[in-house]
Amino acid sequence: MKTIGPGVNEVRADSEGLQCRVVYVATFPEAVYVLHAFTKKTRKTPKKDVELATKRFRELCDYRRDK
């Protein structure tokens, strides 16, 4: 998901009208970081979910930079 950050990906699982999403980043050698997981009922991802994943990605990058 380029809108969130470089290297951020999404796993999609659709079942009986529910769409489950897991947004993660796996470009760091020490771990795979799950930024956000949520369900949705429409095709469009709500803005609040994108904003939350983006915030967490930025916090993760800041944390890694400070180490």
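Overview of results
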{"quantity": "Where residue 7 falls short, out of the listed (1) in contact with a Ser or Thr (Cβ under 9 Å, 6 or more places away or on another chain); (2) exposed (fewer than 10 other Cβ atoms within 10 Å of the Cβ)", "calculated": "(2)"}
{"quantity": "Some residue of the range 32-42 being charged (D, E, K, R) and either at positive phi or touching a Phe, Trp or Tyr at 6+ places or on another chain (Cβ under 6 Å) (or both)", "calculated": "no"}
{"quantity": "Residue ID - farthest from residue 2 (Cα to Cα), chosen from residues in the range 16-52 that are aliphatic (A, V, I, L, M) and more than 14 Å from the chain's Cα centre (by Cα)", "calculated": "18"}
{"quantity": "Residue check for residue 24: in contact with a strand residue (DSSP E or B) (Cβ under 6 Å, 6 or more places away or on another chain) and aromatic (Phe, Trp, Tyr)", "calculated": "yes"}
{"quantity": "Hey, residue 55 exposed (fewer than 11 other Cβ atoms within 10 Å of the Cβ), within 13 Å of the chain's Cα centre (by Cα), not in a loop (DSSP other than H, G, I, E, B) and not aliphatic (A, V, I, L, M) or not", "calculated": "no"}
{"quantity": "Those residues of the range 28-45 which are surrounded by 12 or more Cβ atoms within 10 Å (Cβ to Cβ) and either touching a strand residue (DSSP E or B) at 6+ places or on another chain (Cβ under 9 Å) or small (Gly, Ala, Ser) (or both), in sequence order", "calculated": "33, 34, 35, 36, 37, 38, 40, 45"}
{"quantity": "Boolean, residue 23 is in a strand (DSSP E or B) and either loosely packed, with under 12 Cβ neighbours inside 10 Å or among the polar types (S, T, N, Q) (or both)", "calculated": "no"}
{"quantity": "Hey, residue 17 surrounded by fewer than 15 Cβ atoms within 10 Å (Cβ to Cβ), of a type outside the set (D, E, K, R), closer than 24 Å to residue 64 by Cα and free of Cβ contacts under 8 Å to residues at least 60 places away in the same chain or not", "calculated": "no"}
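Readers should treat all values here as calculations from the given coordinates under stated rules, not as data from a laboratory. This one's a predicted model, so the numbers in the text were calculated from it and none came from an experiment. Every residue, glycine among them, receives a Cβ derived from its backbone with ideal geometry; neighbour counts consider all protein chains shown.
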